[in-house]
Amino acid sequence: MALAATAATAQGQDAVRRLTLKQCMDRALAANYDVQAANKSIERARTMQGTAWDIDKTDVTLGQDPTAGGNPDNALTFSQSIEFPTVYAARHRQLKAETQAERSRADVVRAQLRADVAATYYQLAYQAECVRLLQRQDSLLGQCNRHTAKLHEAGATRRMEQLLAEKAYRENQLALQSARGELSTLQLQLSTLLNTTETVMPAETGLQALSVPYAAYGFAQTAEGRYAQDKLTAAERAITVAKNGYAPTLSVALRQQLVIGSWNPYNVNRARFDAGNFMGFEVGVGVPLFYGATKARVKAAKKDREIAELEMNQSRQQGLQEYAACQNRLRIAAERMRFYEGDAMKRVAEMGTLSKAEYDNGEMTYTEYVNVLQENVNTCLKRAAAINDYNQAVIALERILGKVGE
């Protein structure tokens, strides 16, 4: 049984892949489906740039007049209509602006993914620390429970102490079970972000406080700011394209003499002109006399630009609010973490030393000694929670500033 348990433990350790935060981010950026979809959108927008020079189809017409000879009515005609050149140039600039907007949107997706990976990574590290502390407390309370049961059987302690020991042991087992379940859920979330079937755990052991990014908030420097500005630029390019609807269209037609001599139902002379087969050409200009639809399209394009500007202002305002909230959250979390990192842990160490000495000298019962050790473990759990809250606040601030993973 011991050998089987050792083999199972070794197999479980091999199944867990320990990765650093950078390795997790690199994997996520390479394999995440949201990033892949964003890259496909960029490719699609870049491909759509080829539609800027969308020229109408060439008309090929065969005309035959059986009552006439080799006149222009008996010819093969090639005709082509094109937009005014400024239309194609404006459309090309608009499609380029839309491609740039897709690139900026992909940057937003990648920034959010890095933040999600970092938040899940450190949440997973915190949960692993909770499991470790609860396991240590489980061993402690299990020993206390067994010792109290023996004392009660020997008549050396009351039934109430035995019930309290059993209750504490059972509650810790439930807390440990819940912590392990949360750990498994976070592992699944991180594996989903990385698009892998492996069970991933942080490479670092224990909890370390992250450093605060020292940078001023600037909406234009964030991924959301660049995306909003690029959307506004694309909307302005769309207005230019709509205004080009007032431009005229051009057309040209070339005729090539073509007489079908065998088709002569009226027995007329259908001889061709021997001097040459070129019968002439036509050049036309399409003047937009009715421009109501174009005027409506220009007006709608201007509304789209106003909407894009309002969305950018809303995104800027929301970013400022989130930045202020993150600063406040970080300040509170930092104060709480400093307490547990400083005074609280000093008291835990002092309580551990004093309780051990008093228990060895017979000044403290075993139950009281275990209660002190249990309180020390609970303080360590609160310290871990304080560090995790601080790290999550730092990650949220980095996300606002666009500094996650830098």
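Given labels modelled 7 Å from the Cα in the Cβ direction, how far is it in nm from Tyr214 to His147?
Going from the Tyr214 label point to the His147 one covers 5.0 nm.
Can you compute the modelled spin-label distance between Ala31 and Thr185, with each label point 7 Å from Cα toward Cβ, in nm?
2.4
What is the magnitude of the charge dipole of region 277-380 about its Cα centre, with +1 placed on the Cβ of each Lys and Arg, -1 on the Cβ of each Asp and Glu, and no other charges, expressed in debye to the nearest 20?
On the way: 14 positive and 15 negative charges, 233 e Å.
Rounded to the nearest 20 debye, it is 1120 debye.
When the chain is modelled as a GNM with alpha-carbon springs shorter than 10 Å, which of Glu358, Glu98, Glu309 fluctuates the most?
Among Glu358, Glu98, Glu309, the largest GNM mean-square fluctuation belongs to Glu358.
How high is the relative contact order of region 209-298, in percent, counting Cα pairs under 8 Å that sit 6 or more residues apart?
Relative CO of region 209-298 lands at 34 percent.
Of the accessible area of region 171-211, with the probe set at 1.4 angstrom, what percent is carbon plus sulfur?
Details: 1120 of 2260 Å².
Carbon and sulfur: 50 percent of the exposed surface of region 171-211.
With unit charges on the beta carbons (Lys and Arg positive, Asp and Glu negative) and the dipole taken about the Cα centre of the chain, which residue among Ala385, Met345, Gly292 sits farthest to the positive side?
Positive-most Cα among the choices belongs to Gly292.
Could you let me know the centre-to-centre spacing of region 86-100 and region 361-406, using Cα atoms, in angstrom?
55
Ignoring trypsin sites (Lys or Arg not before Pro) that are buried or in helix or strand per DSSP, and keeping those with at most 14 other beta carbon atoms within 10 Å, what is the longest stretch of the chain between them?
On the way: sites that count: Lys57, Arg158, Arg272.
The longest such stretch corresponds to 273-406.
Rounded to the nearest 0.05, what FRET efficiency do Glu309 and Asp56 give with R0 = 30 Å and r taken as the Cβ-Cβ distance? Could you check?
Numbers: r = 35 Å, r/R0 = 1.15.
Efficiency, rounded to the nearest 0.05: 0.30.
Can you give the net charge of the other residues whose Cβ lies under 13 Å from the Cβ of Gln189, counting K and R as +1 and D and E as -1? All intermediate terms of the calculation are to be shown ahead of the outcome.
On the way: positive: none; negative: Asp116, Glu182.
Charge balance near Gln189 sits at -2.
Given the options Pro248, Leu29, Thr196, identify the residue whose Cα lies farthest towards the positive end of the charge dipole of the chain (+1 on Cβ of Lys, Arg; -1 on Cβ of Asp, Glu).
Highest projection toward the positive end goes to Pro248.
Tell me, in nm to one decimal, what length is gained between Phe78 and Thr353 on full extension, where the rule is 0.36 nm per residue of separation less the Cα-Cα distance?
Numbers: separation 275, 0.36 × 275 = 99.00 nm, distance 10.09 nm.
Taking 0.36 nm per residue and subtracting the Cα distance, the gain is 88.9 nm.
Using 0.36 nm per residue of separation minus the Cα-Cα distance, give me the extension gain between Gln49 and Leu254 in nm, one decimal. Please list the in-between numbers first.
Values: separation 205, 0.36 × 205 = 73.80 nm, distance 3.04 nm.
Stretched out fully, the Gln49 to Leu254 stretch lengthens by 70.8 nm.
Longest exposed-loop-site-free stretch of the chain, with chymotrypsin sites (Phe, Trp or Tyr not before Pro), DSSP loop and at most 15 other Cβ within 10 Å?
On the way: sites that count: Trp53, Tyr214, Trp263, Tyr266, Phe273, Phe290, Tyr291.
That would be 54-213.
For the pairs Lys96/Lys231; Lys243/Lys299; Lys167/Lys382; Lys231/Lys295; Lys96/Lys403, flag any whose C-alpha to C-alpha distance is greater than 18 Å.
Values: Lys96/Lys231 11 Å; Lys243/Lys299 9 Å; Lys167/Lys382 21 Å; Lys231/Lys295 22 Å; Lys96/Lys403 28 Å.
Violating the 18 Å limit, Cα to Cα: Lys167/Lys382; Lys231/Lys295; Lys96/Lys403.
Could you work out the local net charge near Glu43, counting Lys and Arg as +1, Asp and Glu as -1, over the other residues with Cβ closer than 14 Å to its Cβ?
Numbers: positive: Lys40, Arg44, Arg46, Arg103, Arg105; negative: Glu98, Glu102.
Result for the neighbourhood of Glu43: +3.
Normalised by the residues of the chain, what does the relative contact order come to in percent, with Cα pairs under 8 Å and at least six apart?
Working: 518 pairs, mean separation 105.8, N = 406.
In percent, rounded to a whole number, it is 26.
The values are calculated or read from the model by the stated rules, or taken from the named source; none is laboratory data. Model, not experiment: these values are computed from the prediction. Note: ideal-geometry Cβ built from the backbone for every residue, glycine included; neighbour counts use all protein chains shown. Just the protein is used for accessible areas: all its heavy atoms, side chains included, with ligands, DNA and RNA removed. Shrake-Rupley method; radii C 1.70, N 1.55, O 1.52, S 1.80 Å.
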